[in-house]
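Have a look at the structure below before the remarks.
The values are calculated or read from the model by the stated rules, or taken from the named source; none is laboratory data. All values derive from a computational prediction rather than experimental measurement. Here the Cβ is made from the backbone with ideal geometry for all residues, glycine too, and neighbour counts use every protein chain on show. Heads up: the accessible areas ignore ligands, DNA and RNA and are worked out on the full protein's heavy atoms, side chains in. Shrake-Rupley method; radii C 1.70, N 1.55, O 1.52, S 1.80 Å.
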Amino acid sequence: MNLILSKDILVTRSSMPDFDEYTNEIKELWDSHWLTNHGVKARELKEQLKKYLQTDNLELTVNGHMALELILTALKLPAGSEVITTPFTFVSTTHSIVRCGLKPVFCDINPDTYTIDVDKIESLITDKTSAILPVHVYGNICDDDAISKIASKHGLKVIYDAAHAFGVNYKGTPVSCLGDASIFSFHATKVYNTIEGGAITFKDPSLSRVIEEIRDFGIHDEESIPYVGPNAKMNEFAAAMGICNLRHVNSEIEKRGKVVEAYIKGLSGIEGVKLNPVFTTSIESSMQTLNYAYFPVLFTDEYRMSRDEIFAELSNNGIKSRKYFYPLTNEIEAYKGIFDSGSTPIALDISKRVLTLPMYADLEISDVERICKIIAG
Ligand SMILES: *Cc1c(COP(=O)(O)O)cnc(C)c1O
């Protein structure tokens, strides 16, 4: 029995190549019996992604989360030091800091862009702060000018969680070149996927070798193992999927753009419905290009019902939206009594009002119109 009705609209749907394109891509692997460990497909994908993301320094990983853990380890931040970050993100961002033996310090977000509020960073810096880890949430790019100014003044590393920002440029610079490093997620649900996968881009080319070693159990060579590393390599089948999907990613992003256009048309002017400002201001004033990763909607007090009520109404109509990001990462059960969402009141308020609507390249415009009609009431 199928629990998902065929008429249901899911919040996301993975981009995939034609079956024949993929089987053609893995034929070589099948014949060679070389399935993982820096094989021919991983090496090929790495070169292609360096070009696509316009960076000289890139390493592939098994997923975006391990990319975060690897770069936090590779930068050798002092054990127990503080990392300034935001709680309005996927739990992976916060978990990576904690799992690497570092302490997240939560900064509130800007109510307009949902990214880190750069005016609140400096008051959180102590003599234990070692890094800033902001998130380009929904593909909205952080104020890098302000962040890098603060970081260089205080001698801090900047690591961007760019999981949502694949292929985006900011003031003409590719996001892969911002900060000391950035991580990307190639999870099945992201704009660009390798089924599961991720990458780290970074400024200092000498990090390349360090990341390679940490990614492979910390092994330098057969007799020397300088790091406590996990296994975080991308396998050949994932890399092959990535090679196929990269051929189509531009047209997939273009199709997402049409979906966003239809949403904006259908939702503009509804009382209490606030759209992502990055979509509704001109590219010149937002200073960034778009990859249409998510379609977040904020329901203000003027809206005819609460966020939870419209979530339920959509669900009753077979439309799966997500309370993304709710709860905040500083109020989840795992961190009960350790962190406090009261320190980030704007993020807390937004987390109670936001919904991300179904968003994928093949979403039918007629379905978007139906969703908008339900929201309009
Ligand atoms: C998806 C995501 C991650 C983790 O990536 P995975 O590839 O799923 O491990 C990290 N941070 C953010 C903001 C994400 O959305």
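Worth a mention:
- Per-region count, the stretch 43-79, residues open to solvent by less than 40 Å² (accessible area, probe 1.4 Å) and away from the ligand (no atom under 16 Å from the Cβ): 5
- Note on the stretch 93-119: residues that are out of contact with any Gly (no Cβ under 8 Å at 6 or more places or on another chain) and either among the hydrophobic types (A, V, I, L, M, F, W, C) or surrounded by fewer than 18 Cβ atoms within 10 Å (Cβ to Cβ) (or both) amount to 13.
- Residues in the stretch 181-212 that are more than 8 Å from the ligand (Cβ to nearest atom), of a type in the set (A, V, I, L, M, F, W, C) and crowded, with 24+ Cβ neighbours inside 10 Å: 7 in all.
Here's the yes/no breakdown for (1) among the polar types (S, T, N, Q); (2) at pLDDT 95 or above; (3) under 19 Å from residue 62 (Cβ atoms); (4) over 18 Å from the mean Cα position of the chain (by Cα):
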residue	(1), (2), (3), (4)
152	yes, yes, no, yes
186	no, yes, yes, no
198	no, yes, yes, no
202	no, yes, yes, no
214	no, yes, yes, yes
226	no, yes, no, yes
231	yes, yes, yes, yes
241	no, yes, yes, yes
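- Conditions (1) in contact (Cβ under 8 Å) with a residue 12 or more places away in the chain; (2) farther than 19 Å from residue 332 by Cα: number failed by residue 97: (2)
- Number of the exception - residue 35 against (1) surrounded by fewer than 15 Cβ atoms within 10 Å (Cβ to Cβ); (2) within 16 Å of the ligand (Cβ to nearest atom): (2)
- Restricting attention to the stretch 277-304 and to residues that are without any contact (Cβ under 8 Å) to a residue 24 or more places away in the chain and of a type in the set (A, V, I, L, M, F, W, C), the residue that is least open to solvent (accessible area, probe 1.4 Å) turns out to be 279.
- Candidates are the residues of the stretch 319-346 that are more than 30 Å from residue 363 (Cα to Cα) and among the charged types (D, E, K, R); the one that is nearest to the chain's Cα centre (by Cα) is 331.
- Cross-chain or 6+ apart pairs with Cβ under 6 Å, the stretch 315-327 first and more than 28 Å from residue 340 (Cβ to Cβ) and assigned to a loop (DSSP other than H, G, I, E, B), then open to solvent by 70 Å² or more (accessible area, probe 1.4 Å) and of a type in the set (D, E, K, R): 318/7
- Count of the stretch 335-359 residues which are open to solvent by less than 70 Å² (accessible area, probe 1.4 Å) and farther than 16 Å from residue 88 by Cα: 3
- Looking across the stretch 86-123 at every residue that is among the acidic types (Asp, Glu) and not in a loop (DSSP other than H, G, I, E, B), the one that is farthest from the chain's Cα centre (by Cα) is identified as 122.
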